[in-house]
Every structure is written in structure tokens, then in C-alpha cells.
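Okay, structure first, notes after.
Just so it is clear, none of the values below were taken in a lab; they were calculated from the coordinates. Quick caveat, the model's predicted, so the values are computed rather than measured. Glycine gets a Cβ as well: all are built from the backbone with ideal geometry, and neighbour counts include every protein chain shown.
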Amino acid sequence: MAFSTCSRTPLTSKPSVCSCAAEWRRVVKVRGDLARAADGRVDIAGWVDGLVAAHGKLERQAVADACEFVRGLGSRGEPYLESGIELAEIVGALHLDTASIVSALLYRPVRVGLVRSEDARSRFGDDVGHLLDEVLRMATTSLLEMSNTRLQTSERRDQADNVRRMLIAMIDDARVAVLKLAERVVALRAAKRYDEERRQRLAREAHLVFAPLANRLGIWHLKWELEDLALRYLAPDIYMAIARQLDGRREEREARINGLAESLQAELRERGIDAVVHGRAKHIYSIWRKMRSKNVGFGEVYDVRAVRVLVPDIAQCYAALGVIHTQWRHVPSEFDDYIASPKENGYRSIHTAVVGPDGRTLEVQVRTHEMHEQAELGVCAHWSYKAGEDEDRPYAQKMDWLRQVVEWRDDVARADSQSLGEELAELFRDERIYVSTPKGHVLDLAEGATPVDFAYRVHTEVGHRCRSALVNGRPRPLNEALDTGDRVEIVTGDAPAPERHWLDLHLGYVRSGRAREKILDWFRCRDPEVNERAGRDRLLALLDALALGSPAAARWQEAARTLGYPDEAGFCRAVGAGDCQTLDALEALHPQTEYELQMELLPAPGAHDPRIYRIVMIAEDRDGLLRDVTELLSSLHVPLVGNTGRADPITGRATLSLEVRVGTLRQLALLVERLQHLAGVIEARVAQR
């Protein structure tokens, strides 16, 4: 069955990329639409003819030979042919070459061992053999461990090595990336037939690794389907609720959008702007993410109603924007110029929102045809139209990004199982902030980065000697998130002395995996006895702040075994070096039921009513202290039942007594530690009864 094409006349010399959306909708349901012979089998000749007609550079005979080869594999051949065609359709829609199409057709039989890799190489050539080998190598282990148990060091390294291997293979040949991403789409489409554990693993990998990677490589089609499918299995209630609302009155909504697009296109052409305007696809994950980030309902998400304007050049982008803002009242808070300031993955477009003639908000994107091609195909455009140096620049930029990511490979090998997913998400996402040094040098950091992350971004030694920070000339806590435009100055000490509590994830001092690994390296190089004493002292101090005594020797040993350490000394060394989080150690030392018995504050097992605790704080008396405390309680969802306070004008100190309602030991410990790290706080502890 041939790929559908857009009916408009191309305004450039290249084949139209506008057809991608319609083509992709057909690809998504390829199995049901495959042309079949009278015996019910796939019509190979018809399918190959359609594929080659849509993508003229493909070698028809090579693709047909691969189809016949798979069909000839016995009783399992026809099902593998259909799954191979599904994968090949995705790869074809992204304009990859013949070797990629053939590799897609052969992938499943080789993956399950029905065909040997060397046999595929000898029959279909070294290029196909290379692609198959690289994609199959990524499939040897899971990228993320879904178990709740703590991974041992060797297992963490296996995972990290698998990620590193994937990234290096992609740098050598980016077709490997596209094939792997497309294969994950096919796997997720079929996930409804899998057991729950496997579905969750596939969906989490897609959400944390593959969708962000597709985004950074600019492959929009793969990105949105990976995101939507992952959401479908990770949050089925949310997915179905949005899907139902999108389906409601769909025909009426689409007719209205098409009418707006036709009206806008006519207006633009009347003003001499050679524009093509069409409705934009609505994707469930992007709608949900906007609803969540803006805390709004479905009806307030602007890009549910959206159009896209394509023009020949940048000058006409801004001319079109002027017409749009003249025609309709624009929403000032919903304007982004990614042409003037492209996203880190190279994405360029103008986004605006206007109030349409019916009084409802409409999102409009304006871009050139070339920008649209890069947005739709990303690195895949590299194979479609290699017309010159300028055409290859976006591809080179994306490959440079991958090379930078691989430099991270030694750090991630030491990350724990939880931070591995967070680190991957940080590396792949494109939400960045831009801050400057006192001398005006601009540095980019992941969104949410802190002054400590900034210090380590400048230089490892600056991070190690960091003592405090001035942001825009004023003192700021080291665990407070920075914003784009901030000017950051790090106040350093004479000698390197990073703080151990920087490694506690719940305190928020370090968001960057790079910075975290530098700090871990520092403490791992300290004397083991020093780390052991420091780890024990940290735990004893936390237990004391919670009004708990030191556990018996047997409890220390049992906690060590629970967390996978050989003995009490190894357990304390891990806490001291930052390899074990203090809250995890606390829970191992004081399981919830024993804590209930000792404190007689928490409810009996099976009850659901949290009890009230009194926390006493001593702090420097300053403006905003009570505000900071209440904001912290709100962010942790801890109700404040009552509070009293007094200030001593002689000492300049304030004493606050907070009555709070919490339900678990971990929640209480988190609150106490976060209070201890507020600016000016000298002490925070649970009051004895």
C-alpha cells in the first residue's frame, strides 16, 4: 500500500515534508490496512511498490528480497513479515535508506534467533549486518532496573554500560538510533498483550530514555508516539480521560479548525505571504503536561486547538506573525520565539496564542518549510536531502550533542539505580536555564540547577571550595533553584571541603548528576575510617533530632544486611561517603512498626490517622522566617496544626514551636532535615513527650 502524500504544490525544490502527518497517521495503523492477496497473506509486491513510489531512492529489489526471505522462514515467517513491515513503515516514513528498511524487516527473526546475524550479513550485505548487530546489541539488557531492590555495583555498571554502548553506537551511525527508537514504538504498540510488569518496564524506559532521546535528536514523530504510549500504560486513567475529551465532538472541532486555517491562509496570501496553513495534531501527553505545569483544566490548554503556518523564509515568518497578531488579539504570556533563540536540540519556530473569532484561544506555530522538515525528521533529514553544508549543520549539531553525552559515561557507571533514570532524563531533556558568571560568561544548566551545580559547572575545584553564593548580588541558599538571567557568584574557601549533606537528594543541593559524581568521588577518596565515623555521626544526629535513641548493635547489623552491606562498618562508610541516603538508612534502622512502639505517637498498624508532632526550632531572628517555614510545610504537604513563637532581642534568636500532622517516620525525618537547612536555622528537633 503506497504512502499517502500531501495534495499541495511544494513551494521549495525538495519533496514535501507536509505529508508527514498524514503519512504517519496511516503508519500508526499499518497492520490493519495492509493490502493482501486472495489467500490472506500480505501482498508483498503491492506493498514494496507503494513504499518505493513514496521514497524513490529505495532499491525495490533489495526490499522485495528481504520480504520474501522473511516469509520463507516457515510457519513463523508471515507474522514476522507483518511485524517487520510495521517497523519498516516507520523507518520509511522517516526517509531512511534501503539498508535501514531491510534491517527493519529482518530485525525480529534475527532478534529471536530464527536467523543468524552472520547469515543476514552474507545475504544482504555488510551495511545491513552492521545495523542489525548494533541494534541487537542494545537489546541485551534493560536500560532501567524496575525492581525495588537496591542494585549491586556490578549490576549498576551493567546498566550504565548498556546505555553507553547505545549512545556510542548512535554516534557511529545515527540510523542505529532511529531503528532503536522505531523498534521501541512497535514494542509499545504491542504492549497491551504483555503482562503488567513488562508493560510498566517498557513504558518507563520510553518515558525516561527513548522519548527524550527522540526529542533531542529532533525526531518529532517518534517522540510524540513514545510519549503517548508511555502515558497510556503509566497513567491509564489520565490517558483515557483526555482521550475521551478529545474524541468528544471531534468532527465539529476539526471542521472549526479547518475553517480557521483556510481563513488565515487566505488572509496571509492576500497580504503577499506565500503561506500554507493546516491544523496541528493534538497529542495526549503534551496536553497532560501542559495541564499539569499550568494547573489548568482541559478546556484551558491552548494547543488543543492549534494551527501551523509554513512559509518560504524567515522574513515571511515575522510578516505572518504580524498579520496574525493584527487579525486576532494575542495572549502575551503565550509567546515564544524559538527562531531567535532555538531550543538546544535545534528546534526553531515561533509559538503564539491568540483569541480566535469565536472567542476561544488558538495556538499558532509559524516556521519555514526547512524548519518544519528539521522538526519533523530531525537527524533523519540527513539522509533525505544532503544538498550542501548548510543542510547538514543541524545533523552535525545533534551528533555533537551525542558526543558530549558519551563523555558522561564514566560518571553514570557509578550512579545508583534511582539516579540513573534521573540522570538520563537530565541529559536528554532540552529544558535549560542560562545563567552568567560575574565576568559575564553565560553557562547553560539543566532546569532546577542550584548554585552548587553552577559551581561544579564552572570547575570541580570551585565546587569543592564552595561555601556560599551571591545571586544577582544577594545571598541565596545553596539549595535554591536558579533561573535564566541570574548572575551567580560563588564564595569559596581556601581549601576543598564539600559538604556531605549535599549528597542527600531530599535536601536539594545538587540536581546535576555530574556535580553529584564529583562530590561522591571526593568522599570516596577519603580515609574509610573517617567516612565510617562521619556516617555514624550523621545517623546518630538524625536519630537524636527525632527523639530516638541509638539502636542496639544487632539492629545496626540487620540494617546493613537489609541494604546490601557486609557489616555495620561498611554500612556507616556508605552513609559517610554518600553512597547510601540517610533516609534509607533511617528506615532500615527503625522499621515503621518498631518506631510506632517506641514513640507511641504514630497510629497502630492498619490505622490511617496520622498523629500530631511538636517540632522545636531555634533560628536567627530574621524577616521572612515564618513565611519560609510555612512555604516548606506546604511544599511537603504537611498540615500545620498550630504554632507559637518568641524572639529574644538580646540574643537575636527566635524560638518556634510547630505542631504538625505527619503519617510516617520518613515524612517526619524529611521535614526535620529540611527545616534544619533553612537559612539561619540553628536547630530543629522533635520535642520529647
- request: Output the relative contact order of the range 528-590, whole-number percent, from Cα pairs under 8 angstrom with separation of 6+ residues.
  value: 47 percent
- request: With a point put 7 Å past each Cα toward its Cβ, work out how far D173 is from E196 in nm, to one decimal.
  value: 4.1 nm
task: Return the FRET efficiency for the residue pair D126, M240: r is the Cβ-Cβ distance, R0 is 60 Å, and the value is rounded to the nearest 0.05.
output: 0.80
message: Run the numbers for R661 and E529: contour at 0.36 nm per residue of separation, minus the present Cα-Cα distance, in nm.
response: 43.6 nm
- line: Output ordering of 266-273, 678-685, 309-316 (per-residue mean of other Cβ within 10 Å, highest first) is 309-316, 678-685, 266-273
Using a Förster distance of 25 Å, the FRET efficiency for I612-R467 (Cβ separation, nearest 0.05): 0.10
task: Counting residues in the range 528-590 as N, plug N into 2.2 N^0.38 Å and put the Cα Rg over that result.
output: 0.96
Charge dipole magnitude, Cβ of K and R +1, D and E -1 - the range 431-512, Cα centre, debye nearest 20: 200 debye
task: Calculate the dipole size of the range 528-590 relative to its Cα centre from +1 charges on Lys and Arg beta carbons and -1 charges on Asp and Glu beta carbons; express the result in debye to the nearest 20.
output: 40 debye
- request: Find how much the distance from L632 to D648 grows on full extension, using 0.36 nm per residue of separation minus their present alpha carbon separation; answer in nm with one decimal.
  value: 3.4 nm
query: When ranked by the protection proxy of mean other Cβ atoms within 10 Å per residue, highest first, what sequence do the peptides 256-262, 650-656 form?
result: 256-262, 650-656
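Answer rounded, prolate or oblate for the range 72-142, using the Cα gyration tensor with square roots of eigenvalues a ≥ b ≥ c: rounded when a/c is under 1.5, else prolate when a/b is larger than b/c, else oblate.
Rounded.
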query: Going by a ≥ b ≥ c, the root eigenvalues of the Cα gyration tensor, does the range 431-512 fall in the rounded group (a/c under 1.5), the prolate group (a/b larger than b/c) or the oblate group?
result: oblate
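About the Cα centre of the range 481-562, how large is the charge dipole given +1 on each Lys and Arg Cβ and -1 on each Asp and Glu Cβ? Please answer in debye to the nearest 20.
300 debye
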- prompt: What's the exposure ranking of V48, V112, going from fewest to most Cβ atoms within 10 Å?
  reply: V112, V48
task: Would you mind calculating the gained length between F298 and R561 on full extension (0.36 nm times residue separation, minus the Cα-Cα distance), in nm to one decimal?
output: 89.8 nm
Two-site label geometry, D621 and E118: point separation in nm, points 7 Å out along Cα→Cβ: 8.4 nm
